[in-house]
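Peer 1: This structure is in structure tokens; I'll ask about it shortly.
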Amino acid sequence: MEKKKVGVIGCGTISGIYLENMIQKFSDVLEVVACSDLFPEKAEQTRAKYGLKKACTNDEIIDDPDIDIVLNLTIPAVHHDINMRTLRAGKHLYSEKPISLTLEDLNELIEYADAHNLKIGSAPDVCLGPVPQTAKKLLDEGVIGDVVGFTVNHICPGNELWHPSPDFLYKHGGGPLMDMGPYYISDIIALLGPVDKVCCFKSEGSLARRPVWDHYVDVEVGTHFAGTMKMKSGAVGSLTMSFDVWNSKLPYMEIFGTKGVLRLPQPNMFGGKLELLRSEKVLESANRFTDMVERRDAIAADVVENFVEEVPLVYDGWFNMRGVGIAEMAKALNEGRDNCLNGRFVRHFEEAIMGLEISAETGEMYMMKTTCEKGTPFSL
Ligand SMILES: NC(=O)c1ccc[n+]([C@@H]2O[C@H](COP(=O)([O-])OP(=O)(O)OC[C@H]3O[C@@H](n4cnc5c(N)ncnc54)[C@H](O)[C@@H]3O)[C@@H](O)[C@H]2O)c1
């Protein structure tokens, strides 16, 4: 299979796992040839560490006729500029999230790519991982019946507690919705199809200045959101996204069906257990009793929990498969087909996230303007 040549822009925290995976796991379809960073010494360190051909400037990557795909791993504030320059240079683009910060920018990007027959892909690629792919198969087979709802919850005290340069997480394009929302919402859309409308509130109690390592950062974004989403399928879901809360017992992600429940692990990594509760198993057990009290006890929450089973996954992945999305895009280019995380999919999930933010800002429901197909089945 033809290897697509990749130039990486942005040699920060997340670049390590991308480079490792692209070089060690996806070298059948990708060849990383160059890297650049705002700080040339970071690019040079990355070049030396991963044995790349050259460390250079962004423009040298974007204008290099040998490079097929630009992988943009910079911070959100500069994503759109680099992304548009990449497309205008006639190159395919794979960007870290959020691919754009506004709906206008998002539309400009997707329309330009479509008009010029260029491929766009964007992180997160977690919906290609073995857990969501197995969940998708079960949902398509009707194992939990008709989906009536879901809940997604990312509740943590803030990524500045571990990230070495976290200021961007509190600037426009950051916050729990823009930073962590993409994992949850791209998974939900891949599993349940497009969103119809969203509604959201943000807490007024969050800190306006946050202590970050040795300084304070002025917070430009909401840091605690509670929202709801109505899917085109009719299913409705709730969402809590927080960088303000130390701990919670809310599940990361649950999908509620008329015949059962699917419970997914934290979606920003590729590992974890997929759990399934089948109502028929609970009913089988409860039906042994005719006494009302015994039946009620047989369906008590702690008893029902015993019927939860771990589902074998459809393929063996590994804990951090970041880069699988750009590898799949390279394969799609070779096969002349659409990539799984294509522009329509990316635009729709990013619009849903922006819609939640707009609703939290305006106090009004946000009606979605774009749509997309459900996620495509994938396996390594
Ligand atoms: N850190 C993570 O765990 C993680 C996980 C998933 C996704 N992401 C996403 O990846 C992106 C990068 O995050 P990060 O954590 O690696 O941030 P980071 O700050 O550690 O790295 C960003 C890098 O981009 C460089 N950069 C900034 N502006 C640039 C420009 N104009 N041209 C070239 N280089 C530039 C910086 O010098 C830095 O080396 C963000 O969009 C983030 O949301 C990060």
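Peer 1: Of the listed pairs 232/273; 25/54; 5/42, which have alpha-carbon separations greater than 25 Å here? List each step's numbers first, then the result.
Peer 2: Working: 232/273 28 Å; 25/54 21 Å; 5/42 21 Å.
Those over the limit are 232/273.
Peer 1: Just how far, in whole angstrom, is the stretch 1-73 from the stretch 293-313 if you go by their alpha carbon centroids?
Peer 2: Measuring centre to centre over Cα atoms gives 49 Å.
Peer 1: Could I ask something else about it? If you take the alpha carbon radius of gyration of the stretch 300-380 and divide it by 2.2 N^0.38 Å, what ratio comes out, to two decimals?
Peer 2: Numbers: Rg = 18.5 Å, N = 81, 2.2 N^0.38 = 11.7 Å.
In units of the 2.2 N^0.38 Å rule of thumb, it is 1.58.
Peer 1: Take the alpha carbon atoms of the stretch 80-157, find their center, do the same for the stretch 325-373, and report the distance between the two centers in whole angstrom.
Peer 2: Using only Cα atoms to place each centre, the spacing works out to 4 Å.
Peer 1: Show me the GluC sites (Glu not before Pro) within the stretch 1-66 that DSSP assigns to loop and that have at most 14 other Cβ atoms within 10 Å of their Cβ.
Peer 2: Details: sites: 2, 20, 31, 41, 44, 60; in loops: 2.
Those satisfying the criteria are 2.
Peer 1: Using the count of nearby Cβ atoms within 10 Å as a rough guide to exposure, how do 85, 347 rank from fewest to most?
Peer 2: Working: 85 19, 347 24.
With the fewest neighbours first, 85, 347 line up as 85, 347.
Peer 1: While we're looking at this one, here's another question. Simple spin-label model, 7 Å along Cα-to-Cβ: residue 290 to residue 344 in nm?
Peer 2: 5.7
Peer 1: Further, regarding this structure: At 7 Å along Cα-to-Cβ for each site, give me the label-to-label distance between residue 49 and residue 107 in nm.
Peer 2: Calculated label separation equals 4.0 nm.
Peer 1: What's the extension gain from residue 137 to residue 165 if we count 0.36 nm per residue and subtract their Cα-Cα distance? Spell out each step's value before the answer.
Peer 2: Working: separation 28, 0.36 × 28 = 10.08 nm, distance 3.86 nm.
Taking 0.36 nm per residue and subtracting the Cα distance, the gain is 6.2 nm.
Peer 1: Relative to 2.2 N^0.38 Å, what does the C-alpha radius of gyration of the chain come to as a ratio? Two decimals please. Could the numbers behind the result be given before it?
Peer 2: Working: Rg = 21.6 Å, N = 380, 2.2 N^0.38 = 21.0 Å.
Rounded to two decimals, the normalised Rg is 1.03.
Peer 1: Can you give me the angle between helix 15-24 and the longest principal axis of the chain, using Cα atoms only, in degrees from 0 to 90, rounded to the nearest 10?
Peer 2: Roughly 90 degrees, rounded to the nearest 10.
Peer 1: Within 10 Å of each candidate Cβ there may be at most 10 other Cβ atoms; applying that plus a DSSP loop requirement, which GluC sites (Glu not before Pro) in the stretch 101-186 survive? If you can, show how the numbers build up before the last one.
Peer 2: Working: sites: 104, 108, 111, 141, 160; in loops: 141.
In loop regions of the stretch 101-186 (DSSP not H, G, I, E or B), the sparsely surrounded GluC sites (Glu not before Pro) are 141.
Peer 1: Can you sort 238, 122 from fewest to most other Cβ atoms within 10 Å of each residue's own Cβ? Kindly include the intermediate steps, with their values, before the conclusion.
Peer 2: On the way: 238 14, 122 30.
Ordered from fewest to most neighbouring Cβ atoms within 10 Å, 238, 122 come out as 238, 122.
Peer 1: Only sites in a loop by DSSP and with at most 16 other Cβ atoms within 10 Å count here; which chymotrypsin sites (Phe, Trp or Tyr not before Pro) in the stretch 217-294 make the cut? The partial results should precede the final answer.
Peer 2: Working: sites: 225, 243, 246, 252, 256, 270, 289; in loops: 243, 246, 252, 270, 289.
Taking the stretch 217-294 and a limit of 16 other Cβ atoms within 10 Å, the loop chymotrypsin sites (Phe, Trp or Tyr not before Pro) found are 246, 289.
Rule-based calculations on the coordinates, nothing more; no lab input. Since we're looking at a predicted model, the values are computed, not measured. Using ideal geometry, Cβ is built from the backbone for each residue, glycine included, and neighbour counts are taken over all protein chains shown.
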